[in-house]
Every structure is written in structure tokens, then in C-alpha cells.
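The values are calculated or read from the model by the stated rules, or taken from the named source; none is laboratory data. Here the structure is a predicted model, which is why all the values come from computation and not from measurement. Neighbour counts run over all protein chains shown; Cβ positions are idealised from the backbone, glycine included.
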């Protein structure tokens, strides 16, 4: 099976367009955007890691169906990227990842640019209904996830459902290919694929951020899975989570859930017979196997390293 | 007469745990849930090594797993800028 192509060309094009777009905005907006993006940006990516699925999906689908011209698909990918920028900037203000509240208005510029990118080529009402609905779902999903994480009790299932809603905007680029072409059945599969991968990815993200979220008063999905029934206000929760990461059996359960989500994503998208999507999921599966191995080695080193100390 | 469990060193246990996740979990369970143990593996630690391992397990404050290096397909990426 072919290796998944990395989006090196796509990355260059998005980098160029982001810089050009920010340069085109008025000075005060530009200052807010530049101040933020210079600290958040990573320029050309040095590592050959797998890019997020939502940058690939429009191109995979365009290759499958009667494709719009490549420049049109580029506009859809750009519009998709602007939606990401819009939500990410606002979310960083909410999470106090940035100290500049002016950023919410700079973010609005990316939303308008996203709309412009899609409007250049799509008039289809079903697409625009989806565009609006996706923005709503993402906005409500962010606040819903935040509220669920601040609760002491509550299972992981509704939180995972909220995570899928948070990622609703990442389907818009694919909707621009599928809905005007009346490929609704295919798009329903794309939606399920995206939802499962969004949850799988967020669960790993939660593992990375588990202690940071806790210090913000939130038990994310990883925390809830590792220490069920323990709320963010419990003074022992941090210690319990660390112990569960090192010595508990629930970390394996969490990684099993991630694996199951990846399998479900594969089952959703497989009937569309997109070779690049298949290759992408094989790579994702390899990455998860790698995570399992490295997690295991870190656990052994922690337990026996401590014992030897 | 049947032989009893073989006494092993902490290093031996660590080496096997490194290559066998199930074994690692059994070792950890042995020291956190008294009803499970290393008996299926026909091993035991010396009393001193048991004390060291128990002390190690209770002293754990931190684990260094960098999940950030993974999940490019799931994490929201950093900006291209």
C-alpha cells in the first residue's frame, strides 16, 4: 500500500496564503494577528508527521468524484484552514492561552475570509446550511465540553459526543465537494469518519493535557477514564491520575477506545474506496501502535527507575 | 519435590517487563492488589527488592510521556506562520 503523501505542497500554499491574508488586514488587526501567530506558528514543519485528516479530506473526495478544478479545491482547503484559525484563536482566548482579548476580532477576519473562499465557488443552499450548522455545533460543543469537564460526575460518553461536535467545522471543506454534487450518502460516511477520528485524536490530546486541564479546574476525558468519579476539586486527583498513568489498567482501556474509534472511522470511509484514505488510516494505526510501545516503555522506566533510585 | 518460585532480581524483572506488557501489569498488580501476584510466572523478588519496588510505586509523582509528538491527525495543529 502506498505511503500517505504528506501535504508538503499544501502546507506551503497555506503558509503563503495565511501570511498574505494577515498582511492585507488593517494595521490594528494585523498587529493582534501577528503577535499571536508568531508565538503559535511553527513555520514550515520540520518533522514528517501525519497531518490532520481535515486538510486531506477535500482532496481525497475531489479525486473520487467529478472533481472541481485543483484551484477550486485549494480554495476549499484554504477556507477550511481559515475556519480552523477562527475557532482556534477564539478558543485560545477562552482558555487564556493568549493574553490578548483583541484576538477575538482578528479571528472574525478569518471567519469572513473562510466564507469568501467558499462563496467564490459554491452557491448550493445545502452547503451553506451545513456551513452555518457546523459553526453553531462547534461553538456550542466547545462550551458544552468545558461544562462537562468541570463537573465532578458524568461519564465519558457525552464528553466524547461533545468532542465530535467541537470538530464539526472540519467537515466544511468536504461538504463543499459533496453537497453541491448531491453526494449525500458519501458525505454521511465522511461525517462519521471525521467524528470518530476527532474523538480518537482528542482523547490522546486529553492525555497530553490532563494535568494542565486539571489546574484549570477541568477533568477532561482522560482524567475521567483514568480516575472515574473523582472531580477536579478533589485534592488527590492529580496524584491519582499520575498513578493511574504509571501503574493502572485504565490507560490501556483508554488506548483501546482510541483504537476502536480508528477502526470505526475506517469502517465508515472504506465503502468510498479512497486509496489515500485507506493509506492514511494505516499510518494512523501505526502511530497508535507506536504510542502504545512508548507508553509501555515510559511506564517501565518510571516504575523500575523509581525502584532503583 | 517441586521447586518453588525462582527468586529474581529487580533488574531481571525490569528487563522482562520491558519486553512483555502483560508481565509488567502483573508485577504492578502484585504490588497494588494483594490478591494478584507473580505466581503464574513462578517468580518472586527478595524481600529487599520487594520493599524497594513498593517504595518506588508509592513514590511516583510524575511520568514523562510526550503524547504531543503523536496525534498530528487528531490534534489541532500549530499555525503555519
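Quick one: is residue A:213 touching a residue at least 60 places away in the same chain (Cβ under 8 Å) and either closer than 25 Å to residue A:306 by Cα or in a helix (DSSP H, G or I) (or both)? The answer is yes for residue A:213.
Taking first residues from region B:40-63 that are over 12 Å from residue A:304 (Cβ atoms) and within 7 Å of chain A (Cβ to nearest Cβ) and partners that are surrounded by fewer than 18 Cβ atoms within 10 Å (Cβ to Cβ) and modelled with pLDDT of 85 or more, the Cβ contacts under 7 Å between residues at least 6 apart in sequence or on separate chains come to B:63/A:298. If you check A:253, A:249, which single one turns out to be at pLDDT below 90 and within 14 Å of another protein chain (Cβ to nearest Cβ)? Step by step, each of A:253, A:249 is checked, and only A:249 is at pLDDT below 90 and within 14 Å of another protein chain (Cβ to nearest Cβ).
Within region B:5-49, the set of residues being modelled with pLDDT under 85 and surrounded by fewer than 16 Cβ atoms within 10 Å (Cβ to Cβ) comprises B:5, B:32, B:33, B:34, B:35, B:36, B:39, B:40, B:42.
Considering the conditions (1) in a helix (DSSP H, G or I); (2) closer than 30 Å to residue A:217 by Cα, residue A:101 is excluded by exactly one of them, (1).
Scanning region A:230-237 finds no residues that are outside any helix (DSSP H, G or I), out of contact with any helix residue (DSSP H, G or I) (no Cβ under 6 Å at 6 or more places or on another chain) and closer than 30 Å to residue A:69 by Cβ.
Quick one: is residue A:85 in contact with a strand residue (DSSP E or B) (Cβ under 8 Å, 6 or more places away or on another chain), part of a helix (DSSP H, G or I) and either crowded, with 18+ Cβ neighbours inside 10 Å or away from chain B (no Cβ under 14 Å) (or both)? Here the answer is yes, as residue A:85 does meet what is asked.
Note on region A:207-227: residues that are at pLDDT below 90 and farther than 27 Å from residue A:284 by Cβ amount to 0. Report yes if residue A:197 is touching a helix residue (DSSP H, G or I) at 6+ places or on another chain (Cβ under 7 Å) and surrounded by 21 or more Cβ atoms within 10 Å (Cβ to Cβ), otherwise no. Judged against the criteria, residue A:197 is a match.
One line per residue, one yes/no per condition, for (1) in contact with a helix residue (DSSP H, G or I) (Cβ under 6 Å, 6 or more places away or on another chain); (2) within 28 Å of residue A:183 (Cβ to Cβ):
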position: A:89; (1), (2): yes, no
position: A:94; (1), (2): no, no
position: A:99; (1), (2): no, no
position: A:133; (1), (2): no, yes
position: A:142; (1), (2): yes, no
position: A:145; (1), (2): yes, no
position: A:149; (1), (2): no, no
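Residue A:219 meets the conditions (1) within 14 Å of residue A:160 (Cα to Cα); (2) more than 14 Å from chain B (Cβ to nearest Cβ); (3) assigned to a helix (DSSP H, G or I) in every case but one. The failed one is (3). Residue A:231 passes every criterion in (1) buried (at least 18 other Cβ atoms within 10 Å of the Cβ); (2) in contact (Cβ under 8 Å) with a residue 24 or more places away in the chain apart from (1). Screening the candidates A:279, A:268 for the property of being surrounded by 19 or more Cβ atoms within 10 Å (Cβ to Cβ) and either more than 13 Å from chain B (Cβ to nearest Cβ) or out of contact with any helix residue (DSSP H, G or I) (no Cβ under 9 Å at 6 or more places or on another chain) (or both) yields one hit, A:268.
Can you tell me which of (1) within 22 Å of residue A:297 (Cβ to Cβ); (2) touching a helix residue (DSSP H, G or I) at 6+ places or on another chain (Cβ under 6 Å) is the one residue A:224 doesn't meet? Tallying (1) within 22 Å of residue A:297 (Cβ to Cβ); (2) touching a helix residue (DSSP H, G or I) at 6+ places or on another chain (Cβ under 6 Å), residue A:224 fails exactly one: (1).
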